[in-house]
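Derivation of every value follows stated rules applied to the coordinates shown; laboratory data play no part. Computed from a prediction, not measured in an experiment: that's the story for all the values here. Reconstructed Cβ throughout: ideal geometry from the backbone, glycine too, with neighbour counts over all protein chains shown.
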Amino acid sequence: MSWTACSSILACLVIACGGSDKTSPEEPGESHAVRSSRASTDDSEENTDDIEVEGLKGHLDPGQIEKGVAPHQGALAKCYKAQARRSKYLAGKLVVKFVVAPDGTVKEALLDENDLGSWAVEHCVLEIARAMSFAAPKGGDREAEFTVPLEFAGTRSVEWWPEERVETSIEKKLKELEECTEQNGVVVPSNVFVTVYIGNRGAVQSVGFVSPGKTIDDAWAECAAGIVAGWTMPDPMGKIAKSGFRYRPE
């Protein structure tokens with residue numbers, strides 16, 4: 001996993017989600033990171049001024065971000081492994097955006113990018129992220145923002161399909177997702193990209209969501225995942241296909 005803070009900090013930590021350097025069918029998945037800094041490769045205290053977040057936001061040093069996330073590494077890995085053991089095709093990248101309050105608690109955690117395609121994993125990661133705590137941000141109004149990219153590799157190959165390949169199959173079904181808006185208190189998301197895996201006879205195997213930079217209501221995602229899982233897509237003929245479509249694009 002690598003940690004990226006706002007627009008001007010890159011702080012990184014390498015963690016193998018599969019528990020070893022080599023992926024195996026019993027322990028699918030591995031996260032990857034690159035250690036870098038825009039200002040300097042020297043982590044000494046005197047260089048921290050070179051990598052402050054611009055503007056009125058506060059900031060956390062790379063080491064403080066690592067310290068906040070490190071106790072949760074195992075739990076984050078389990079989120080993926082619990083699904084990947086039976087769905088070995090799951091692979092992709094989640095980018096979790098954190099907004100940390102002045103006292104170090106997580107004010108908000110959401111998916112800024114996501115092409116993994118598993119709401120079960122996505123929700124699990126978000127629940128853990130929301131429960132994290134960090135050092136009090138420094139500078140500005142002392143509210144800090146940073147992102148944490150998590151990258152997972154599956155052990156079964158998939159065939160990538162463009163959105164156009166499933167467009168005809170889902171265009172009349174999109175109205176079914178309106179059922180999820182009827183639940184009390186559910187905030188309907190916009191500009192949602194839905195990632196799907198398609199298996200035997202066009203059955204949807206897994207579903208995931210992202211609305212870049214926006215929070216998707218957990219209740220809506222749970223409802224929508226259940227509905228899309230019941231849809232039939234084109235048959236990949238013995239393969240696993242990965243594709244996607246847009247819901248309420250802006």
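Local charge for ALA109 was computed over the other residues whose Cβ lies under 13 Å away, with Lys and Arg +1 and Asp and Glu -1, and equals -2. When both region 146-188 and region 189-250 are represented by their alpha-carbon centers, they are found 2 Å apart. Students often get this wrong, so check it: of LYS67/LYS138; LYS214/LYS239; LYS57/LYS107; LYS57/LYS78; LYS57/LYS97, which have C-alpha atoms separated by over 25 Å? Distance filter (> 25 Å) returns LYS214/LYS239; LYS57/LYS78.
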